[in-house]
Amino acid sequence: MDTFTIAGRTFRSRLIVGTGKYSSPAVMVRAHEASGADMITVAVRRVNLDRTKESLLDFIDTSKYFILPNTAGCYTADDAVRTARLGREVGLSNWVKLEVIGDERTLFPDNEALIEATRVLVKDGFVVLPYTNDDPIACRKLEDAGAAAVMPLGAPIGSGLGIQNVNNIRIIREFARVPVIVDAGVGTASDASLAMELGADGVLMNTAIAGAQDPVAMAESMKYAVRAGRLAHLAGRIPRRMYATASSPVEGLVGR
Amino acid sequence: MTIKLNGEPYELAGPSTVAELLARLEIDARRVAVEHNLVVLKRGAFDRTAIADGDEIEIVNFVGGG
């Protein structure tokens, strides 16, 4: 079976899904099941003191899903480190999807702060999966800082634009000695397949599923898309040619 | 005494521990993480961490995110 391993932990699915933006917890639960994912991301926020809202953890079977807390919304290394430490003390995971955002409109990462926060958290015993630019050099620096995987964006978070810099993702995969997970920018199934065909070890998405008209059906399509892309990558595609090469024999044609 | 709880002023009748504060707020301690004056607490320390006037407490949990 084609499994993949990060920091010694092995996953059956190469699809990682989020928990944000769902119309209801029930839809989220069904989408998670349909996706076949076994790792899901969550955010760390202040509790609602009036207790009117149910807890997200009421809807997540933590014996089935591995929890990956994120530091979404953090704009400095200090805030990201603080949020990661709080997320760890909830007690489900010492892993972190590390985000240090550099700009509100694009949500592009601040690579300098990201590398700094990675260094601090790795030293503190975290398994750090940084969300980064599609920049092979930034990815290399994150790896040198101790990142357990690198997670280059395909396109801006929630944009659904698909992979904007196909060649960079390919180069990142070639450079990296840790798993490469394409995180953000997926809009539909073919985007996820392309990421996998390029050699990515996994794909992480939230909005593409939660924002679809039928999130459960889209989650299922993403399960197959990631598998299909992975298989195609392993199978080894044919080279691209400018002209046709006939599939049927050129000899024995009637009437020649 | 007044503390700052999740960024807002909050009145506490008297001396209290973090565990007592969570109980009063009806928050399940197993679902949250707590920061006391910028120090992240281990869950085992909740019932021996005393809260003093002016202290800053942050209580966080997991919410939906990507």
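FYI, it's all coordinate maths here, none of it is from the lab. Fair warning: this is a prediction, and the values are worked out from it, not measured in the lab. Here Cβ is always computed from backbone atoms with ideal geometry, including for glycine, and neighbour counts include all displayed protein chains.
With both residues required to sit in the protein assembly as shown, DSSP beta bridges show an antiparallel share near 50%. Exposed loop sites here are chymotrypsin sites (Phe, Trp or Tyr not before Pro) assigned a DSSP state other than H, G, I, E or B and surrounded by at most 16 other beta carbons within 10 Å; excluding them, the longest clear run of chain A is A:76-242. Using C-alpha pairs below 8 Å separated by at least 6 residues, the relative contact order for chain B is 44 percent.
Pairwise Cα distances in the protein assembly as shown exceed 37 Å for 23 percent of all pairs. Loop-located GluC sites (Glu not before Pro) in the stretch A:103-209 (DSSP state other than H, G, I, E, B) with a sparse environment of at most 14 neighbouring Cβ atoms within 10 Å: A:GLU104. What the phi angles of the stretch B:41-48 give under the Karplus curve with 6.51, -1.76 and 1.60, with θ = phi - 60°, is a coupling list of 8, 6, 4, x, 8, 4, 8, 10 Hz, glycine and proline written as x. With a threshold of 26 Å on the Cα-Cα distance, the over-threshold entries among A:LYS141/A:LYS223; A:LYS97/A:LYS123; A:LYS64/A:LYS123; A:LYS123/A:LYS223; A:LYS21/A:LYS141; B:LYS4/B:LYS42 are A:LYS141/A:LYS223; A:LYS64/A:LYS123; A:LYS123/A:LYS223; A:LYS21/A:LYS141.
Close amide H partners of A:ALA200, meaning residues 5 or more places away or on another chain with modelled amide H under 5 Å apart, do not exist here. Fewest-first ordering of A:ARG30, A:ARG82, B:ARG24 by other beta carbons within 10 Å of each residue's beta carbon gives B:ARG24, A:ARG30, A:ARG82.
Measuring nothing but how far apart in sequence close Cα pairs (under 8 Å, 6+ apart) lie, relative to its length, chain A scores a relative contact order of 18 percent.
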